[in-house]
Amino acid sequence: MASHPPRPFRGSGPLRALFGLLMISALAGVLVAGMALPFVGTAGLAAKSASDHFEDIPDDLKTPDLPQRSQILASDGSVIATVWGDFGNRVIVPFNAISPNVWQALVATEDSRFFQHGGIDIKGTMRAFVSDLGGSNQGGSSIAQQYVKNVLVLEAGNDKAKYADATGDSLARKIRELKYAIAVEQKFSKDEILERYLNLVPFAENISGIETAAERWFGVHASQLTVPQAATLIGMLKNPVAYDPAEHPIAATDRRDTVLDRMADPTVHYITPQQAAAYKAMPLGLNLQPQHSGCIYASGSSAFFCEYIEQEILNDPIYGKTKADRAAFFNRGGLTIKTTMDPKMEAAAQKAVNDNVLATDQPGAAIAMIQPGTGQIKAMAQSRNMGTGEGETYLNLAADPSHGGGNGYQAGSTFKSFVAMAAMEKGLTPQYVQDLPYQIDETQSKFSVCDNPAGFTQDKTWKPTDETQQEAGPQTMTSALWNSVNNYFVKLEEQTGICEPARLAAAAGLTIDSDDGTGKRLQQVGSFTLGTNQVTPIAMANAYATFAAHGVYCQPTAVASITDTSGKQYPVATPDCRQAIDPSLTDQLSGMLQGVVDKGTASKIRDYFSGPAAGKTGTNDSRLMTWFDGYTPNLAAAVWVGEVSPKAGDKGLVNVKIHGQYYPAVCGGCLAAPIWGEAMNGALAGTTVPAFSMPELPGDIPPPTQPTPPPTTGPPGQTTGGPGGQPGGLDGGLTGGFIGGLGGQQ
């Protein structure tokens with residue numbers, strides 16, 4: 001069949017505008033007079049009023065950018081999730097990417113004189129008007145008029161008043177629509193109008209535009225639609241729900257056949273009657289493709305990575321001054337959001353968690369992986385998938401409240417690393433020896449804090465103990481880290497004060513997370529070294545990534561790039577990297593923490609991972625939560641296993657089965673560390689892991705000696721820069737509501 005029929009009315013400029021205005025003015029007068037039949041005496045006045053109103057309408061219809069779906073991608077370009085807003089799943093395509101069968105079905109069905117009129121089909125409108133007087137309801141809108149109406153509906157959004165104004169039966173709305181239709185015909189070619197219309201119109205199931213309609217019901221692109229397929233989709237436009245071929249196949253088939261008959265009508269003659277008959281004998285031939293919007297449809301824990309990305313955009317002022325502005329930016333869509341997630345690392349992290357903790361187990365588990373020196377989050381995984389069913393949650397166990405997570409979990413002995421660095425900053429060496437009993441009395445000990453260099457007295461009945469009797473006796477700082485000896489670090493904290501370790505922790509990015517995304521200072525209490533502050537796996541992974549990067553802190557980032565359909569690049573948050581901690585401190589710490597993996601509490605890692613590794617275990621004394629935070633020179637990760645919503649009085653993870661294995665008492669070294677080892681083994685498989693710049697330090701314990709008083713290098717509270725370096729105060733009581741008497745364990 002030929003493409004376009006003759007186009008006798010393609011005038012432009014003043015003549016075409018005048019012709020259209022004459023038609024609409026005449027039509028408006030007739031319509032008003034007809035509507036006012038009971039008041040014949042006022043018909044002429046009403047017609048004049050309508051004409052005057054017509055002149056007041058702007059000549060140009062604002063044509064907004066169409067909302068489209070967005071895609072969130074992994075770092076390799078693979079799709080994590082597809083998302084779209086309230087106006088449906090839409091992909092805009094150019095006219096030449098739409099099969100001629102589609103616009104031919106549209107023209108034949110909706111506006112057979114489309115190529116002859118200038119925006120208003122007077123004959124069709126008058127026929128519809130006369131038919132309406134006889135009690136029948138017959139549409140007479142041109143394609144341009146329908147396009148205008150759909151644009152106004154789109155602009156109305158969720159505003160009920162505007163929506164009613166765009167869809168109501170008022171004469172004012174009809175006149176406005178008619179004038180805008182003339183303006184559309186003057187501004188755009190016929191092909192452009194068809195393209196805009198077909199990309200705009202809504203179908204059923206929140207599908208908008210012909211491309212996604214073709215994808216949804218037939219599994220093809222709009223350019224590939226056959227005549228009967230095109231007729232089926234165009235037939236839906238009369239009533240998208242009633243003629244949904246998936247839900248109402250009989251009604252959809254009847255409607256398709258009506259469209260085919262109109263395509264065969266001699267006035268348009270897009271197909272022959274014989275072709276129409278053959279097409280009508282065919283089944284609908286649906287090939288339904290699932291259409292899912294939102295992070296919840298992402299695979300496994302990548303749903304939480306996806307949600308983290310969405311919250312990152314909604315929280316960042318570079319995407320709009322207000323949260324509403326940022327939400328509008330995100331919901332408008334048409335974005336390709338590339339993330340820092342490495343699919344290989346994500347899969348390795350997910351597998352390691354799933355191999356050790358079931359979704360329905362008493363504890364939850366989470367892991368976050370971050371690249372040192374860049375702050376890029378490479379993976380986050382957890383034992384519970386997104387949802388509301390058994391073993392599911394909407395809480396991102398690795399993240400802070402502003403990214404869909406909670407307030408974090410007590411860090412346990414992983415905070416001993418900051419006390420060790422503070423001690424070395426004061427001049428103590430990794431071989432510094434303390435000889436201490438199994439239990440020490442700290443009720444009268446002094447702990448200096450940033451706002452009180454003179455120190456406060458531990459006025460609670462606090463007599464911390466080691467994990468086992470065997471840990472009593474002389475220990476070096478290195479061996480105390482290997483074995484996670486509590487009392488060694490409590491006494492060391494008396495010598496360093498709490499301000500200095502807290503400052504170093506803040507320099508590594510650790511704060512108490514809050515709902516508005518701003519961090520508050522860590523609480524400076526006597527049990528600071530035992531990890532009574534609550535932190536998230538992402539924050540701990542990034543802190544230990546700072547150690548791996550020789551003291552260079554980078555703000556965690558997850559968005560690599562944002563591009564729209566026109567190729568425009570939007571800004572993304574910078575990693576904000578800076579030298580926050582003296583590299584000599586972090587390098588010495590790395591030399592000590594390597595022994596935790598090779599000889600200490602995390603030695604089970606060696607059952608899974610043989611490469612260079614350093615890190616620290618942590619378990620709070622109520623065993624509600626356990627950790628292993630560690631790193632290689634090129635990747636850091638934090639693993640948390642514990643009660644998802646701990647409460648005071650909980651018995652903790654004792655005498656429990658986790659993934660079918662019985663644990664008399666869960667600890668960081670016996671569960672979190674193996675998860676870390678398995679995850680890192682998979683994440684770094686096939687790569688070369690470089691060696692640490694400082695080799696593993698020896699932890700030999702010399703014969704018992706009296707502790708050597710530490711040298712002083714300046715008044716307590718002195719800072720060396722970096723985040724959190726300003727002196728601060730004791731924020732009050734102990735954290736979490738169940739910290740009294742806590743001891744950090746292995």
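The values are calculated or read from the model by the stated rules, or taken from the named source; none is laboratory data. Bear in mind the structure is a predicted one, so any value in this text is a computation, not a measurement. Here Cβ is always computed from backbone atoms with ideal geometry, including for glycine, and neighbour counts include all displayed protein chains. Please note that ligands, DNA and RNA were not included when accessible areas were found on the heavy atoms of the full protein model with its side chains. Shrake-Rupley method; radii C 1.70, N 1.55, O 1.52, S 1.80 Å.
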Checklist entry - How many of the residues in segment 625-674 are in contact with a Cys (Cβ under 8 Å, 6 or more places away or on another chain) and either basic (K, R) or open to solvent by less than 10 Å² (accessible area, probe 1.4 Å) (or both)? => result 1
Checklist entry - What do you reckon, is V597 aliphatic (A, V, I, L, M), closer than 22 Å to A672 by Cβ, at pLDDT 95 or above and not in a strand (DSSP E or B)? => result yes
Checklist outcome for this item: Of T586, T617, T563, T626, the only residue that is on the phi < 0 side of the Ramachandran plot, hydroxyl-bearing (S, T, Y) and not in a strand (DSSP E or B) is T586
Checklist entry - Just one of A502, A541 is out of contact with any Ser or Thr (no Cβ under 9 Å at 6 or more places or on another chain) and either closer than 24 Å to N634 by Cα or assigned to a strand (DSSP E or B) (or both); which is it? => result A541
Checklist entry - Name the pairs: first residue in segment 336-364 and touching a residue at least 24 places away in the same chain (Cβ under 8 Å) and in a strand (DSSP E or B), second residue among the acidic types (D, E) and crowded, with 18+ Cβ neighbours inside 10 Å, Cβ to Cβ under 7 Å, at least 6 apart or on different chains? => result none
Item to check | Cross-chain or 6+ apart pairs with Cβ under 6 Å, segment 158-179 first and over 15 Å from S142 (Cβ atoms), then among the β-branched types (V, I, T) and surrounded by 13 or more Cβ atoms within 10 Å (Cβ to Cβ) | outcome: A166/V153
Item to check | Residues of segment 377-397 that turn out to be part of a loop (DSSP other than H, G, I, E, B) and either open to solvent by 10 Å² or more (accessible area, probe 1.4 Å) or out of contact with any helix residue (DSSP H, G or I) (no Cβ under 6 Å at 6 or more places or on another chain) (or both), as a count | outcome: 9
Next on the checklist: If I ask for residues that are of a type in the set (G, A, S) and touching a helix residue (DSSP H, G or I) at 6+ places or on another chain (Cβ under 8 Å), which ones from segment 644-686 would you list?
Outcome noted: G668, G669, A673, G677, A679, G682, A683, A685
Checklist outcome for this item: Restricting attention to segment 448-461, the residues that are of a type in the set (S, T, N, Q) and surrounded by 18 or more Cβ atoms within 10 Å (Cβ to Cβ) number exactly 3
Item to check | Residue match in segment 261-284 (condition: open to solvent by 30 Å² or more (accessible area, probe 1.4 Å), in contact (Cβ under 8 Å) with a residue 24 or more places away in the chain, under 15 Å from V107 (Cβ atoms) and in a helix (DSSP H, G or I)) | outcome: yes
Next on the checklist: Within segment 139-196, considering only helices (runs of 4 or more DSSP H) that don't extend past its boundaries, which have at least 3 residues that are among the hydrophobic types (A, V, I, L, M, F, W, C) and at pLDDT 85 or above?
Outcome noted: 143-156, 171-187
Checklist entry - What are the pairs, 6+ residues apart or on separate chains, where a residue within segment 543-560 that is open to solvent by 10 Å² or more (accessible area, probe 1.4 Å) has its Cβ under 6 Å from a residue that is at pLDDT below 95 and of a type in the set (D, E, K, R)? => result Q555/D576
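Residues are listed down the side, and each one gets a yes or a no for (1) more than 34 Å from the chain's Cα centre (by Cα); (2) within 30 Å of L397 (Cα to Cα):
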residue: A251; (1), (2): yes, no
residue: D261; (1), (2): yes, no
residue: V268; (1), (2): yes, no
residue: P283; (1), (2): yes, no
residue: N287; (1), (2): no, no
residue: H292; (1), (2): no, yes
residue: C295; (1), (2): no, yes
residue: S299; (1), (2): no, yes
residue: E307; (1), (2): no, yes
Checklist entry - Quick one: how many residues across segment 138-157 are open to solvent by less than 20 Å² (accessible area, probe 1.4 Å), hydrophobic (A, V, I, L, M, F, W, C) and in contact (Cβ under 8 Å) with a residue 40 or more places away in the chain? => result 4
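Report the residue count in segment 449-473 for those that are in contact with a Pro (Cβ under 6 Å, 6 or more places away or on another chain) and farther than 22 Å from V433 by Cα.
Number satisfying all stated conditions: 2.
Residue-wise test of (1) of a type in the set (G, A, S); (2) within 21 Å of the chain's Cα centre (by Cα).
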residue: E392; (1), (2): no, yes
residue: S402; (1), (2): yes, yes
residue: G406; (1), (2): yes, yes
residue: Q410; (1), (2): no, no
residue: E425; (1), (2): no, no
residue: Y432; (1), (2): no, no
residue: P437; (1), (2): no, no
residue: T443; (1), (2): no, no
Next on the checklist: The conditions are (1) open to solvent by less than 10 Å² (accessible area, probe 1.4 Å); (2) not in a strand (DSSP E or B), and M369 fails exactly one of them. Which is it?
Outcome noted: (2)
Checklist entry - Just wondering, is there one or more residues in segment 462-477 that are part of a helix (DSSP H, G or I), open to solvent by less than 20 Å² (accessible area, probe 1.4 Å) and touching a residue at least 40 places away in the same chain (Cβ under 8 Å)? => result yes
Checklist outcome for this item: Of the listed residues (V184, V241, V201, V220), the one being open to solvent by 50 Å² or more (accessible area, probe 1.4 Å), of a type in the set (V, I, T) and over 16 Å from Y279 (Cα atoms) is V241
Checklist outcome for this item: For segment 201-223, the count of residues that are out of contact with any helix residue (DSSP H, G or I) (no Cβ under 8 Å at 6 or more places or on another chain), assigned to a loop (DSSP other than H, G, I, E, B) and either farther than 16 Å from P290 by Cβ or at pLDDT 95 or above (or both) equals 1
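Could you check segment 399-444 and list, in sequence order, the residues that are assigned to a helix (DSSP H, G or I) and over 26 Å from W482 (Cβ atoms)?
Going through segment 399-444, the residues assigned to a helix (DSSP H, G or I) turn out to be 401-403, 412-425.
Correct list: P401, S402, H403.
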